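The values are calculated or read from the model by the stated rules, or taken from the named source; none is laboratory data. Note that this is a predicted model, so its numbers are computed, not measured. When we count neighbours, we look across all protein chains shown, and the Cβ atoms used for this are built from the backbone with ideal geometry, even at glycine. Just so you know, the surface numbers come from the protein's heavy atoms only, side chains and all, with ligands and any DNA or RNA stripped out. Shrake-Rupley method; radii C 1.70, N 1.55, O 1.52, S 1.80 Å.
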Amino acid sequence: MNNSSKRILLIIPEVANADHLRDLLREQGWEVDQRSIMEAFPLPECDTYEVVAIEPSLNSEAEILTILEHCPEYNSATVLPILRNATPQGVINLIRIGVVDVLLAPFSDHEFIETVNRVAGHKNLYLENLTYSDELEKANRDLRESLNILRMDQIAGRQVQKSLLPSSPLSHGDYLVSHRIIPSLYLSGDFVGYNVVLDRFLIFYLADVSGHGASSAFVTILLRFILKRILRRHTYNNDLKSLSRAPEGFMEHVNRQMMATGLEKHLTMFAGAIDLETNMLRYSVAAQMPMPIFLAGHDARFLPGRGKPIGMFEDAKWEIEEIALPETFSIHMVSDGLLETLPGKSLEAKEAFLLQTTAEFGDDHEQLCEKLGLNDVGDISDDVSILSVTRRSKP
């Protein structure tokens, strides 16, 4: 504390005692303004004092209250009552009305100086805390404003991401393709894509980017443009030969793009292509878990296949699986975030529930979503998505 700031207002009825206390304070570097009870009120500006020390007449609380009302506690001076013949209840009452400390007579010179310094330190500590609180409140306001801007950016980003998703459902001949994505945040690391190319090939994929939020959402947008560019080239060239081999080379192409970005992101994916003329399904798997469920009649089973995640190994290759499709079937692809919402303690129990529910309700995408609990899912720690491809023979 600087000497220039060590100011005290001393209100003591007995002049001799007041003079003695004044001299003690001055020896300690205090600047003392000494007044009697009669001339103390109205008080001067209290914020010019570190401490207002007052010995009230007859231990009256009214004079203390007057000072506290004129000098709101902690905002200006700190009041130090000097009490003679004090009762415990009287001290308690003073503490309740806002007094920080009291000095009970008789007291030594050392006790007096020590108490004054302690009370002054209390005020200085409060003023420091008040400054800190003001700075903290400003920081909180700035943080709330930044969070609001971020939230608005996230909402806008979500709208952009949703606009890049295909329209659901997509109906083409006997086929119906539907999807549902539930992000854990505004933006999702899950993404789906599907389209009918040259009126013959149904191309589709489900991807789950590591993490979630803006960086993962950026990768999903990159995926969308990669697929769109590939399909545009094959469509423009009427390249039936290449499309008949889809999704051959697709995983490798995405992997090269991911490695080139340097985003240190990886993703799992299931990519499939159905030749609507030959009723053949070709697909490749990049560490997708759980595997897509193939439903024919009431027989639900996981499709075979395996492969490394995309974005981790430069020279990775992905094999193509091929199966002939029956007249009626469904393929349901889900992200691993769904597993966290399913009943069961083990992975085996969750997968068994998924198979059983799909076997019973998998011929209808919306009903399957309802039975899997996606219509009323609460807070989730990971994105949840489902993509369904269904073929129903027309009578």
Residue-wise HN-Hα coupling along the range 152-167, computed from phi with Karplus coefficients 6.51, -1.76, 1.60 (Hz; x: Gly, Pro): 5, 5, 5, 5, 4, x, 4, 5, 5, 4, 5, 5, 8, 6, x, 5
Which percent of the accessible heavy-atom area of the chain goes to carbon and sulfur, probe 1.4 angstrom? 52
Applied in sequence order to the range 222-239, the curve 6.51 cos²θ - 1.76 cosθ + 1.60 (Karplus, θ = phi - 60°) yields integer Hz couplings, x standing for Gly and Pro, of 4, 4, 4, 6, 4, 5, 4, 5, 5, 5, 5, 5, 5, 5, 4, 8, 6, 8
Calculate how steeply helix 250-261 sits against the longest principal axis of the alpha-carbon atoms of the chain, using the helix alpha-carbon long axis, and give the answer as 0 to 90 degrees to the nearest 10. 30
C-alpha long axis of helix 347-361 to longest principal axis of the chain, angle in °: 60
How much of the DSSP bridge set in the chain is antiparallel, in percent, rounded to the nearest 5? 80
222 nm mean residue ellipticity, helices alone, for the chain (DSSP H n ≥ 4; -39,500 (n - 2.57); rounded to 500): -13000 deg cm²/dmol
Space enclosed by the convex hull of the alpha-carbon atoms of the chain, per residue, Å³: 238
What's the longest piece of the chain with no exposed GluC sites (Glu not before Pro), counting a site as exposed if DSSP puts it in a loop and it has at most 14 other beta carbons within 10 Å? 46-263
Computed over the range 143-264, protein heavy atoms only, probe 1.4 angstrom, the accessible area per residue in square angstrom equals 51
Need one value: the accessible area of K350 in square angstrom, 1.4 angstrom probe, rounded to the nearest 10. 30
Sort V177, V102 by heavy-atom solvent-accessible area, probe 1.4 angstrom, most to least. V102, V177
Taking the Cα centre of each part, how many Å lie between the range 134-173 and the range 16-38? 64
